[in-house]
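First the structure, in the form of structure tokens, and then the observations on it.
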Amino acid sequence: MPLKIRAILVLAIGTVMGLGLSLGGTWVAARNAPTPTAQALQQARLFAEVMERVKHDYVEPIGDEELLESAIRGMVSDLDIHSQYLDAREYHDIRVSTSGAYTGVGIEVSTRDEEIVVVAPIDNSPAQRAGILAGDVIIAIDGASVADDGLRKTIRRLRGRSGTPVTLTIVRQPADELLIFDLQRDNIQVASVRHELLEPTIGYVRVGQFTDSTAGEVASAIDAMTDSAHANGDTLAGIILDLRNNPGGILDAAVDVSDLFLDEGLIVSAEGRTPEARFARNAHRGDLLDGAPVVVLVNAGTASASEIVAGALQDHHRALIVGTKTFGKGLVQTVMPLSRGRAIKLTTSRYFTPSGASIHETGIEPDVFVESSVAYPGLALDERLDHIADEQLHEALDQIQLAPIMHSLAH
């Protein structure tokens with residue numbers, strides 16, 4: 001056995017033996033019974049055997065570092081579709097995306113039934129402008145299949161230097177329509193918040209993704225619309241909070257946005273194996289709208305953190321939910337820094353709405369179902385909403401005009 005492989009085996013066995021000693025010397029019993037420690041020792045030997053075979057017999061030369069990184073990636077990604085190992089570049093990318101900018105085509109993707117599925121295009125991105133929709137299935141990038149790539153490699157292939165071209169081949173349901181999109185990568189400003197007065201006393205707030213600054217931007221938008229209404233001698237009678245095609249983002253940002261509309265009560269709770277993974281977030285006194293009606297628009301692209309907001313406001317009867325069933329991602333990922341600028345993104349919790357419901361793989365059912373319309377998306381920053389063709393928006397306007405003043409009901 002080569003020296004390097006032997007050293008790796010010694011390290012792995014040493015780690016296992018250390019664990020066995022910490023558990024009271026149970027590793028000694030491995031000679032007589034298949035204890036977990038003995039099984040781990042066998043797997044460590046198997047790992048070294050496989051690594052030696054690959055290094056010796058694989059058709060192309062491959063170094064120890066690359067093999068070990070692949071083993072780490074496999075260990076983490078095999079846990080679930082959301083957990084992953086992040087090298088220094090990927091960790092940098094994820095920090096940039098939560099701060100609001102990166103370079104790529106501007107789509108949030110996930111895996112479902114072993115396919116790469118578009119959760120939502122980011123507003124005013126190359127993907128959104130080209131017409132890529134939530135639910136589209138990516139089957140190839142630049143003519144090469146993504147079938148064996150997995151989520152991590154697909155995201156890496158989608159990103160690149162600003163101005164470089166990339167071609168996406170997509171299947172669109174329900175007719176299995178094959179579409180090809182020629183895009184140009186761009187500096188993506190992750191959509192945060194936009195607003196306008198739809199009528200003299202009814203405000204509209206669109207949240208594209210939850211980043212560090214989202215709650216402050218929502219509050220500023222409501223303040224600006226309140227000032228505009230006051231300037232015309234009116235008061236803000238209510239708002240429409242548009243979370244359609246919002247792929248999620250930072251959990252605490254979603255909590256802070258929910259808190260803007262609630263006086264008290266639980267916003268979200270989470271259960272995991274460690275103390276840090278078990279938590280509850282509660283509202284603080286101070287409803288920014290003082291009970292004025294809120295209608296939340298959702299669709300199949302409403303996912304993760306945006307579902308926390310919709311679920312909290314629905315369970316507290318603080319808002320009416322209009323649209324279609326949401327995506328259904330009820331897991332919390334924690335990014336854990338490692339040495340040399342690396343990290344792992346690990347699923348650590350399941351989250352629950354204030355009523356105690358888990359929406360994972362089930363989604364949130366709207367209070368008023370309205371099918372998506374072709375008028376959405378199409379919400380570039382300089383465009384106005386189509387009040388008539390956007391049927392979900394039209395329903396929200398009708399509902400908010402009929403709604404009474406609502407105050408949060410704590411559970």
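The values are calculated or read from the model by the stated rules, or taken from the named source; none is laboratory data. Just so we're clear, the structure is a prediction, and the values are computed from it rather than from any experiment. No Cβ is skipped: glycine too gets one built from the backbone with ideal geometry, and neighbour counts run over all protein chains shown.
Summary of values
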quantity	calculated
Matching residues in the stretch 254-270 - criterion: being in a loop (DSSP other than H, G, I, E, B) and over 13 Å from VAL294 (Cα atoms)	ASP263, GLU264, GLY265
Given (1) closer than 25 Å to ILE122 by Cα; (2) outside any helix (DSSP H, G or I); (3) of a type in the set (A, V, I, L, M, F, W, C), index of the condition ILE308 fails	(2)
Enumeration of residues in the stretch 96-122 that are without any contact (Cβ under 8 Å) to a residue 12 or more places away in the chain and assigned to a helix (DSSP H, G or I)	VAL96
Which numbered condition THR111 fails, given (1) closer than 30 Å to HIS195 by Cβ; (2) in contact with a helix residue (DSSP H, G or I) (Cβ under 7 Å, 6 or more places away or on another chain)	(1)
Selection count where residues are among the acidic types (Asp, Glu), surrounded by fewer than 20 Cβ atoms within 10 Å (Cβ to Cβ) and assigned by TED's automatic domain parsing to the domain that holds LEU183, scope the stretch 90-148	5
